[in-house]
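Worksheet for the structure shown next.
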Amino acid sequence: MRPYYSINTDGTASTNLQLYALRQARRYWNELAANYLQDKEATENLVERCVFIVATLGLSVSQLLGQNDPAPLAGRVASPKVIWRRFVVQHGVTDLSADEFDKFIDIYDAGRHFGVSPDGVGHSRLESLDFEATHRWYETAHRIWLAVINALRADPHNVIELIDVDGFKA
């Protein structure tokens, strides 16, 4: 039996980095939503908080997929887009289209690789990231997590701790 994650930090304990990132994204999303719904105009650092949430969600998804690549490459972890395609084929996932997944990774990459690009579109890729868009990306990440965890739970060879992925719904 293969655990879906196993990272020894000190020889005795293991950690779940992807779940930690998801929990942090939920924490920051809940704080932002409370501020924003109370007073939209007084919400401080809205764009920065939205970017941080999407980047943290993307980190969790990237780590989740990296830990569960059906055909890992020797010497390096493949990109999330490549792993997602392999995972979809291996597990018959139909809950999320490749196009929707790619758009999520693209916005994640825009925040993760934030900076000036030669074509001038580097910064503009994040201009659409507001509260509503962040909510949609949060829901997309939640659907990705559900699809992966459900696919892994369907395989009796996987050992998966009880994770209430529904509890992460925005």
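What follows draws every value from the coordinates through simple rules; no lab data is involved. Small disclaimer: the values here were computed from a predicted structure and weren't measured. Methodologically, a virtual Cβ is constructed for each residue, glycine included, from the backbone with ideal geometry; neighbour enumeration extends over all protein chains shown.
What are the ³J(HN,Hα) couplings of segment 35-48, residue after residue, when phi is run through the Karplus curve with 6.51, -1.76, 1.60 and θ = phi - 60°? Round to Hz, x for glycine and proline.
Karplus-based 3J(HN,Hα) across segment 35-48 equals 5, 5, 6, 6, 7, 4, 5, 8, 5, 7, 6, 4, 4, 4 Hz.
Apply the a/c threshold of 1.5 to the C-alpha gyration tensor of segment 16-170 and tell me whether it is rounded, prolate or oblate.
oblate
Once fully extended, how much extra length lies between Q90 and E127, figured as 0.36 nm per residue of separation less the alpha-carbon to alpha-carbon distance?
The Q90-E127 span can extend by a further 9.8 nm.
When all alpha-carbon pairs of segment 37-113 are counted, what percent fall beyond 19 Å?
So the portion of pairs separated by more than 19 Å is 45 percent.
Which GluC sites (Glu not before Pro) in segment 20-71 sit in a loop by DSSP (not H, G, I, E or B) and have at most 13 other Cβ atoms within 10 Å of their own Cβ?
Values: sites: E31, E41, E44, E48; in loops: E44.
Qualifying residues, ordered by number: E44.
Quick one: what are the phi-derived ³J(HN,Hα) couplings along segment 127-140, Karplus 6.51/-1.76/1.60 with θ = phi - 60°, whole Hz, x for glycine and proline?
Along segment 127-140, the couplings run 4, 7, 7, 10, 4, 5, 5, 4, 4, 5, 5, 4, 5, 5 Hz.
What Kirkwood hydrodynamic radius, in Å, does segment 36-79 give when the mean of 1/r is taken over all pairs of distinct Cα atoms and then inverted?
About 12.9 Å for segment 36-79.
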